[in-house]
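To start, the structure itself, in structure tokens.
The values are calculated or read from the model by the stated rules, or taken from the named source; none is laboratory data. All figures in this text were calculated on a predicted structure; none of them were measured in a lab. Every residue, glycine among them, receives a Cβ derived from its backbone with ideal geometry; neighbour counts consider all protein chains shown.
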Amino acid sequence: MKAFSMDNSTMTFFSILFQRGEDRSRAQTAQAPDFFHDLNLDQIVDAITASKEEYNLKSYFYTPVNDIDAITYRHEVWQDLEDPILLKHINSFARKMGSMRAELTQADKLYYKYQKQRWLLSAAGIYCDAIDSLAADVSLVDLKSRGLLAFRDYLMAYLKSEGFTSLRAETEQLQADLSTIKYSVLIKNGGFKVRKYNSENDYSLEVEETFAKFKQGAVKNYRITFSEWAEMNHVEAKVLDYVALLYPEIFSSLDAYCQKNRNYLDETITVFDREIQFYIAYLEHLEIFKRTGFSFCYPGISERSKEVYDYEGFDLALAYRLRSEKSPVVCNDFYLKDRERILVVSGPNQGGKTTFARAFGQLHYLASLGCLVPGREARLFLFDQLFTHFEMEEDIENLRGKLQDDLIRIHQILKQATSNSIVVLNEIFTSTTLQDEIFLSKRVMEEIIRLDLLCVWVTFVDELASFGEQTVSMASTVFPEDTTRRTFKILRRPADGLSYAMSIAEKYRLSQDKLKKRLKI
């Protein structure tokens, strides 16, 4: 099923997020992909959805659409939502729907019949107002996206439907009828009577005036504060039962109304209310970075060309962490052209190599969701599978050493990968000798080239950087005047042959910093 279909010029809306029913069904049970932790995508999704927990959005971020037209469909919706007026209207609708859900939740918690019914009526009133307001608001906005245009057509048709017009009329009439109810409670000798209000005097004002002269300055306040708890006590419930006997027609109508409209919510409207928050949550998250000058763009997407690039990109998870520390975030560029497929990233430790690799994976995954991506301009590849190989703690239960574990994991990746897959490798085979590491890495590189995979490979083996025409050497850099300080810039340039030496020096505490500390220089 498409997100919308055209039949005799009538547009039928299905989903603001998915074009196919099977994609939406898949999202309902989706779990975080295996590579999420390696790429810190779990941190990104947690940050995006933190303020939207009631919508349970995470599964949407676990479900790439893997279709260019579906991605374009989402791009169009985001572009419409960049209009602050439209976004304001959608947020107003969301707040009203949230209030309605709160009323329904409270109704479910209550015990007494008529109180439950009154909360249900109140919720329906909020719902009708939300629909009326949204329909009026979006009718004045110049929409361009297929999704929101189709939704507006659906909303206008729903507004005129017999089901909604009946619900609104009955709700308004019953609210008006209930507002006419007035009654008196006569308390005497430990009992009470309930009767219709008959213009009896309200003595409360006279009592207050009588005792006003006894008021003093700053004295202890003995007044009782009534509880705000929504549940009635048994006395209040009995009073309400008697009131219902005094106004049988109104309460009979309330009974009939609740029986008829207990499932008044339109499913398509309800789904839209949840799905639109996918867009809004992401836009709100990006706004945090846009305020400090970071760029985001709608990437070009290709299913065939592997000539990918991104300018001024960055690791979204790291940027979010660093903002609280007010630390700078370094942006990096990359591109692959012609037969280039593999970015081999070398350089000193703690120079931003792993961050660069993560950003490459993040960019492609966010693009597969139809999201804007970090960067001034980008063109990315629509992959079928994304694989990562990052260092893991040894698992004592499988009785495998680190090298064996690396070999098994990389074998599984290469066995599953197709020519449309992306692989991100971070310092594999580091537990063995340099000679063995070079031998094993070259064998893996040969298979990656044979499969024609897009790949980022962080390594200390400089020989891989010039392995063939498919490989591009990139290196993390340091400040020329102080080689111990990292710039965190990753540049296209030949490997300098020092990265492995620096790794060994760091490992055995023989780096310049470590030696100075040990010698107390």
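A few remarks follow.
- Qualifying helices (runs of 4 or more DSSP H) (wholly inside the stretch 38-91; at least 2 residues being among the aliphatic types (A, V, I, L, M) and touching a Ser or Thr at 6+ places or on another chain (Cβ under 8 Å)): 68-81
- Scanning the stretch 53-73 for residues that are over 30 Å from residue 101 (Cα atoms) and surrounded by fewer than 17 Cβ atoms within 10 Å (Cβ to Cβ) turns up 66, 68, 69, 72.
- Those residues of the stretch 424-453 which are hydrophobic (A, V, I, L, M, F, W, C) and part of a helix (DSSP H, G or I), in sequence order: 434, 438, 439, 440, 444, 445, 448, 449, 451
- Boolean, residue 23 is out of contact with any strand residue (DSSP E or B) (no Cβ under 6 Å at 6 or more places or on another chain) and modelled with pLDDT under 95: yes
- The set of residues from the stretch 153-212 being polar (S, T, N, Q), over 26 Å from residue 243 (Cβ atoms) and modelled with pLDDT of 90 or more comprises 161, 165, 166.
- Filter pass, residue 307 being among the charged types (D, E, K, R), under 23 Å from the mean Cα position of the chain (by Cα), on the phi < 0 side of the Ramachandran plot and modelled with pLDDT of 95 or more: no
- Subset of the stretch 273-304 [in a strand (DSSP E or B), touching a Gly at 6+ places or on another chain (Cβ under 8 Å) and either surrounded by fewer than 21 Cβ atoms within 10 Å (Cβ to Cβ) or modelled with pLDDT under 95 (or both)]: 297
- Scanning the stretch 227-272 for residues that are part of a helix (DSSP H, G or I), acidic (Asp, Glu) and outside the structural domain of residue 102 (by TED's automatic domain parsing) returns 236, 241, 249, 255.
- Among (1) of a type outside the set (Phe, Trp, Tyr); (2) assigned to a helix (DSSP H, G or I); (3) under 14 Å from the mean Cα position of the chain (by Cα) - the single one residue 17 does not satisfy: (2)
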